[in-house]
Amino acid sequence: MTRFLIRLGINAVAIYIAIRIVPIQVENTTWVGIIVLALIMALVNALIAPVLKFLTCPFILISLGLFVLIINTFLFWLTGAIGALFGFGFTADFLHLFLGALVVAIVNILLSAVFKDELNKKS
């Protein structure tokens, strides 16, 4: 449970930083809205990302992994679209969604490295 909460916090901070850096129009910028978006992103990444990565495996291999950035952009857009159904979504054009997904990925990598010990604990 602690690992899930740390991962959720990392996603929330990553989304917050992305919407502050990249000009994305967000419907609700409160912390509750950010946490709801982090929950939606966690569900989208857990349920849809593995299927997309499996189905697009040839494209990922041909592009030497760069197609994963396109998949992440789609998942970031999907998070905003699903969040809009609950009043917490965001909209942007492709370039800003791409940059937002890139910022989220970089912040996730950096914060996961910081909290590496807590995330690796067996509990």
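The values are calculated or read from the model by the stated rules, or taken from the named source; none is laboratory data. Everything numeric in this text was worked out from a predicted model, so none of it was measured. Reconstructed Cβ throughout: ideal geometry from the backbone, glycine too, with neighbour counts over all protein chains shown.
Which is in a helix (DSSP H, G or I) and either of a type outside the set (A, V, I, L, M, F, W, C) or more than 17 Å from Ala81 (Cβ to Cβ) (or both), of Ala18, Ala38, Ala42, Ala14?
Ala14
For region 6-19, state whether one or more residues are at pLDDT below 95, out of contact with any helix residue (DSSP H, G or I) (no Cβ under 9 Å at 6 or more places or on another chain) and surrounded by fewer than 20 Cβ atoms within 10 Å (Cβ to Cβ).
There is no residue in region 6-19 that is at pLDDT below 95, out of contact with any helix residue (DSSP H, G or I) (no Cβ under 9 Å at 6 or more places or on another chain) and surrounded by fewer than 20 Cβ atoms within 10 Å (Cβ to Cβ).
Scan region 95-107 and give yes if some residue there is more than 16 Å from Asn45 (Cβ to Cβ), of a type outside the set (D, E, K, R) and surrounded by fewer than 13 Cβ atoms within 10 Å (Cβ to Cβ), otherwise no.
Taking every residue of region 95-107 in turn, at least one turns out to be more than 16 Å from Asn45 (Cβ to Cβ), of a type outside the set (D, E, K, R) and surrounded by fewer than 13 Cβ atoms within 10 Å (Cβ to Cβ).
If only one of Pro23, Pro58 is out of contact with any Asp or Glu (no Cβ under 7 Å at 6 or more places or on another chain), more than 25 Å from Lys116 (Cβ to Cβ) and either basic (Lys, Arg) or part of a loop (DSSP other than H, G, I, E, B) (or both), which one is it?
None of the other options fit; the residue is Pro23.
Can you tell me which residue is farthest from Asn108 (Cα to Cα) among those in region 66-89 that are assigned to a helix (DSSP H, G or I) and small (Gly, Ala, Ser)?
The selected residue is Ala84.
Report every pair of residues separated by at least 6 positions or lying on different chains whose Cβ atoms are under 7 Å apart, first residue within region 48-67 and without any contact (Cβ under 8 Å) to a residue 40 or more places away in the chain, second outside any helix (DSSP H, G or I).
Cβ pairs passing all conditions: Phe67/Thr56.
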